1. Give me the distance in nm between label points sitting 7 Å out from Cα along the Cα-to-Cβ direction at residue 456 and residue 306, one decimal.
2. Classify the range 360-400 as rounded, prolate or oblate from the Cα gyration tensor: take a ≥ b ≥ c as the square roots of its eigenvalues, call it rounded if a/c is under 1.5, otherwise prolate when a/b beats b/c and oblate if not.
3. Mind ranking 478-487, 235-244 by how tightly packed they are, going by the mean number of other C-beta atoms within 10 angstrom, highest first?
4. Tilt of helix 441-450 relative to the longest C-alpha principal axis of the chain, in degrees (0 to 90, nearest 10)?
5. According to the square roots a ≥ b ≥ c of the eigenvalues of the Cα gyration tensor, what is the shape class of the range 221-294, taking rounded for a/c under 1.5, prolate for a/b larger than b/c otherwise, and oblate for the remainder?
6. Quick check on the range 211-502: of the DSSP beta bridges with both residues there, what percent are antiparallel, nearest 5%?
7. What 222 nm value per residue comes from the helices of the chain, counting each DSSP H run with n ≥ 4 as -39,500 (n - 2.57) and dividing by all residues, nearest 500 deg cm²/dmol?
8. Got a sec? Which residues in the range 278-311 would a label at residue 345 touch, if it sits 7 Å along Cα→Cβ and we count backbone N under 13 Å?
């Protein structure tokens, strides 16, 4: 495309409208690109400037641009004749204002990289705030992730400079720490099940423990049997890769009166066991260890931020395979707290291994326990692929988690723990069975877990089965792991760590 003279009118010729084949030759690629943020549906400008005049300009230009595009670049006829990139912050329905800005930052960064932009200038916003700036920065950071480990040709990263005209400070350390954790969680979740076994996760946890001076305990089959952690042993016995429980503890010198236990479901691959899953999309079961990956990443972030609160991360790791010694429907085991469980369905295995993690968190002295797991298809049917389910015996903990998620673009909906449904979990031979005959599967799974929570401990269960992995794209994840829940956990621990501290 031939570069236009500074004051020439934009042509409506089709050749002028077509995108150039080589972005590096575009007329916008050799200088700074100014960003204008606006909400098309509300007809509001977020960026300082003459909103009415600029929005009218955008409206007049839409005839020569694709109206559906959330980004469009226009050369404005003025004394500088600089290119302006218009970013619609209101494209997605149902998001709050901060998440709209995250999405705007994400689309902006993707556009800049794909179109060989070198410098992006982001002016101050109306009613600017650190939270708004942070949201844009998070969107920019999300756009930089790519899982191309198994690609023959790696994606080429292009350096783009982002300049902000306001005077707000950037907490670069926090952002870098948080997104280092997000990348860790996503890389683990995206890894194929055949390449990431329980011992592989344990070795990674060991490296993290060494780097951040965390205490770590790894229980293999012998230690699990000795200590009475039979949930993992029962689920993992069909695989040649033995089950493990990894317990990491962060103990700062300055701490407060709370101790938080984070428990993650880590089924590194789930075939369903003897109750084999259908082959359609079974490959997605690599993400059945999302909970463990998020918990591991969370304690890394917490330790690097040096938060003044004790935190334990318990990773319940196993493979669920139909091997020679696999658990059978009808098998019964005794859990750590003494209750017996009849395995009616081997594909409801996550709740079985979490009985061990909940017991371990209590043994370590947790006052608050949060487990996170890709536990039920029922929660996905109830809440879809945008909202996680939360169950809790504590109003305060539940509200803190929901608020922490809202602050970071992670939506949660509190589900009931109605004990009327508990009757369906009672078994004729054992104390409990692991499924019920129909009914609300996500609720009965949470009620099952509640039976293994120590009395007087505040507990929350996060079911992320519908939101942990995407094949169609979800907000600032094009494909694969979303690490949904990690920001919520970190923010929740930050809130509890701000309580009165003790030495």
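Quick note: the coordinates plus some simple rules give every number you see, no bench work behind them. Values in this document were obtained by computation on a predicted structure and should not be read as measured data. Heads up, the Cβs are rebuilt from the backbone with ideal geometry, glycines too, and the neighbour counts pull from every protein chain shown.
1. So the two model labels end up 3.4 nm from each other.
2. On the way: a/c = 3.55, a/b = 1.82, b/c = 1.95.
Verdict is oblate for the range 360-400.
3. Numbers: 478-487: 24.1, 235-244: 22.0.
The densest-packed peptide leads the list: 478-487, 235-244.
4. 60 degrees
5. Numbers: a/c = 3.44, a/b = 1.68, b/c = 2.05.
The shape class here is oblate.
6. Values: 25 of 53 bridges.
Just about 45 percent of them are antiparallel.
7. Numbers: 14 runs with 165 residues, N = 503.
Mean residue ellipticity, 222 nm, calculated: -10000 deg cm²/dmol.
8. It comes to 278, nothing else.
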